[in-house]
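Worksheet: the structure to be examined is printed underneath.
The values are calculated or read from the model by the stated rules, or taken from the named source; none is laboratory data. The structure displayed is predicted, hence computed values, not measured ones. With ideal geometry, Cβ positions are generated from the backbone for all residues, glycine too; neighbour counts draw on all protein chains shown.
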Amino acid sequence: MEQTFIEILRRALDEELARDPSVHLLGEDVAAGGAFGVTKGLAQKHGAARVRNTPISEAAITGLATGAALCGLKPVLEIMFIDFATLSMDCLVNQTAKYRYMSGGQLAVPLVVRTQAGAAGGAAAQHSQSLEAWFIHVPGLVVVAPSSPAEAYGLLKAAIRLGEPVLFIEHKRLYTMKESLVDGAALPNIGKARVVRAGKDVTVIAYSAMVKDALAAAGKLSQSGISAEVIDLRTLLPLDMATIAESVARTHRVLIAHEAVRNGGVGAELAARIGSELFDELDAPVVRVGCPFAPVPFAPELEQALLPGSREIVRAVQQLIGPRGRAQE
Amino acid sequence: MAAPTLDDWKRMYHALSRIRLFEGQVQRLAGSGEIPGFPHLSTGQEAVAVGVCAHLAKEDLLFTSHRGHGHVLAKGSDLEATFAEILGRESGLCRGRGGSMHLVDAANGVLGATGVVAGNLALAAGAAWAAQAQGRPNITVVFFGDGATGAGAFHETLNLAALWKLPVLFVCENNGYAEFTSREEHSNVNHVSTFAVPYGIATQTIDGNDLPTVHAAAGEAVAILRNGAGPYLLECMTFRMAGHYVGDSQQYRSKEELAAIKEKCPIERLKRLLVERGVEVAELDAIGERARLEVQHAVERARAAPRPDPKSVLEGVYRSPSLNGMAG
């Protein structure tokens, strides 16, 4: 049975609530179903004590969830938009991420912070950002960004069971995407990327909604005889360099695509690591596709003009391969 | 709860003395450079730590601030392991990973000091929520200074704690200073207890340098929490005899002000009280001497303890070695 991203997230949360009494959901409006309906019906099913509305107090609820995680709960905190995680930053960066290390291993923070990012439908500059790069800079956090409903199902369940603080970034543009779950599929390992499409000429590394664009681009490129391999990172912290290295050893060319601003993005870290760790494998410089350096605008024409997508990936791959590269094949 | 006996007061005199002497050693060794970083002393504020923690069981949880040595010791953490942590030793509470501002002693209910002012308040509310959600009877206490009231997280946490009726005791040590800036300069609100009122949180402001007053007020507050009628905010008016951190020359305070604060020393006050009740000065001096020797031995053992192995620096960021290795 096909289900939307939102329905599948709800199913994962429902199952984890049923499986483990220490799992609790909290956040603004979550008992009422949440701003996007992800938690609809869960308070009724699992009780108001386990699915709790909070005041609009991101600093306090992030601290509350962290303190509870230190003391035996496994909270799943919803921060409605990643843009509002700015208000959670002190706790996430200074407390949540560091507790295990600073305490010399006495304490852990088994906390999942679900949030939602990316641009769609005129959400404008304060509800559209892709701020994941800030978080991959913080030792102690785990950052997950699923690319499809089925992926989100497994990754969310694995994140809840991981025992570490996980920032789980959903993309609002994927919320209506439908997929069927494979019965009995094992949960993915957090920290492992996956090859979504095999190819031999270029490795396209993407995550979150950009995986869809990368697959569309790969389809288009195949029509002109270019075989693109697409890697879905799934986890941005830690980065799965082993899967990337294995791919680059075959393709020798890399393009990294994300919706976040290119400057200082996840792609910058990846490019640096590929450049230094896999230099001998590369036939060309690593190329990045990302958002140009501007806030996300409101007007549909402007939003469209700013956001990178499959067209930008196709163009960048064509430039990366070049006429010489193609002639060699 | 029964009123403390004379022996109880003597034990508390001992606890006050230990904290004072412990922090004296911190000051000495931070001054000589043997202690890294910039520790913050609670000298002059010890009665709050001892008076409140006297009511806590091991299972009760404690969060504190950057000025937290006294609270941790009053909760019962080991002198040597605490000092070793402040020295950055492998035998320290946190294996030298935390230091003076991040003391954690989980087995003893000390869930952490924080270096970010007001950063501990919501954590304490969360610990209280976990106890409430899991039906555990323990309470949570969080110590903070009046400087924290300038932070939004303070107000957000009071609102949430009141709303969810969390068993958390907010203990404000109002020493009149947010770092170098006096209360008059950083807020129009003189008393921190004022903030509890609109949220419907029970509160009182007391003399935090008078141990019997602190002990009685904290006893009432803890009883209220144990009856499930939390939260509670206890504001203890106190005085910081030391600077903001070791090495602070305190140009912002007059000689007269510092001299007046010395007169209010909580240890001297308790001593006078006990002598009035017939305890011999010599007996109290002997208690002080015992504390001095305990601290001295703990400090010497901590100083002789091995330093952490630099090769272990990347261990323990995550539980899973595979995550540790892959984070790059």
(request) Name every residue in the range A:66-93 that is among the β-branched types (Val, Ile, Thr) and facing chain B (nearest Cβ under 7 Å), in order of residue number. (result) A:Thr66
(request) Name every residue in the range A:94-118 that is part of a loop (DSSP other than H, G, I, E, B), at the interface with chain B (Cβ under 7 Å from one of its Cβ atoms) and hydrophobic (A, V, I, L, M, F, W, C), in order of residue number. (result) A:Leu107, A:Ala108
(message) Where the second residue is in a loop (DSSP other than H, G, I, E, B) and basic (Lys, Arg) and the first is farther than 12 Å from B:Gly31 by Cβ and lies in the range B:238-255, which pairs have Cβ atoms under 7 Å and are six or more apart or on separate chains?
(response) B:Phe239/B:Lys264
(message) Filter the range A:64-105 down to the residues that are under 24 Å from A:Leu9 (Cα atoms), buried (at least 24 other Cβ atoms within 10 Å of the Cβ) and not hydrophobic (A, V, I, L, M, F, W, C) and list them by number.
(response) A:Thr66, A:Pro75, A:Glu78, A:Ser88, A:Thr96
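Yes/no matrix, rows are residues, columns are (1) within 14 Å of chain B (Cβ to nearest Cβ); (2) in a loop (DSSP other than H, G, I, E, B):
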position: A:Ala185; (1), (2): no, yes
position: A:Gly191; (1), (2): yes, yes
position: A:Ala214; (1), (2): no, no
position: A:Leu239; (1), (2): yes, yes
(request) Kindly check whether there is at least one residue in the range B:63-72 that is within 9 Å of chain A (Cβ to nearest Cβ) and not in a helix (DSSP H, G or I). (result) yes
(message) Looking only at residues that are of a type in the set (Gly, Ala, Ser) and in contact (Cβ under 8 Å) with a residue 12 or more places away in the chain in the range A:51-65, which one is nearest to the other protein chains (Cβ to nearest Cβ)?
(response) A:Gly63
(request) Inspect all residues belonging to the range B:149-168 and state whether any of them is under 22 Å from the mean Cα position of the chain (by Cα), in a strand (DSSP E or B) and of a type outside the set (Val, Ile, Thr). (result) no
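Residue-by-condition table, conditions (1) more than 14 Å from the chain's Cα centre (by Cα); (2) at positive phi; (3) surrounded by 24 or more Cβ atoms within 10 Å (Cβ to Cβ):
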| position | (1), (2), (3) |
| --- | --- |
| A:Ala193 | no, no, no |
| A:Val196 | yes, no, no |
| A:Ile205 | no, no, yes |
| A:Ser208 | no, yes, yes |
| A:Leu215 | yes, no, no |
| A:Ser222 | yes, no, no |
| A:Pro238 | no, no, no |
| A:Thr251 | yes, no, no |
| A:His258 | no, no, yes |
(request) Those residues that are surrounded by 19 or more Cβ atoms within 10 Å (Cβ to Cβ), more than 26 Å from B:Ala47 (Cα to Cα) and away from every other protein chain (no Cβ under 12 Å), I need them from the range B:124-173; list them, please. (result) none
(message) Pairs please, first residue from the range A:277-305 and over 17 Å from A:Ser130 (Cβ atoms) and at pLDDT 95 or above, second anywhere and among the hydrophobic types (A, V, I, L, M, F, W, C) and assigned to a strand (DSSP E or B), Cβ atoms under 7 Å, 6+ apart in sequence or on different chains.
(response) A:Val286/A:Val254; A:Val286/A:Ile256; A:Val287/A:Leu255
(request) Being buried (at least 20 other Cβ atoms within 10 Å of the Cβ) and within 7 Å of another protein chain (Cβ to nearest Cβ) is the filter here, so list the residues in the range B:94-111 that pass it. (result) B:Cys94, B:Arg95, B:Arg97, B:Gly98, B:His102, B:Val104, B:Leu111
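Kindly indicate whether B:Ala118 is part of a helix (DSSP H, G or I), surrounded by 24 or more Cβ atoms within 10 Å (Cβ to Cβ) and either within 12 Å of chain A (Cβ to nearest Cβ) or not acidic (Asp, Glu) (or both).
Values: part of a helix (DSSP H, G or I): no; surrounded by 24 or more Cβ atoms within 10 Å (Cβ to Cβ): yes; either within 12 Å of chain A (Cβ to nearest Cβ) or not acidic (Asp, Glu) (or both): yes.
Spelling it out, it is not the case that B:Ala118 is part of a helix (DSSP H, G or I), surrounded by 24 or more Cβ atoms within 10 Å (Cβ to Cβ) and either within 12 Å of chain A (Cβ to nearest Cβ) or not acidic (Asp, Glu) (or both).
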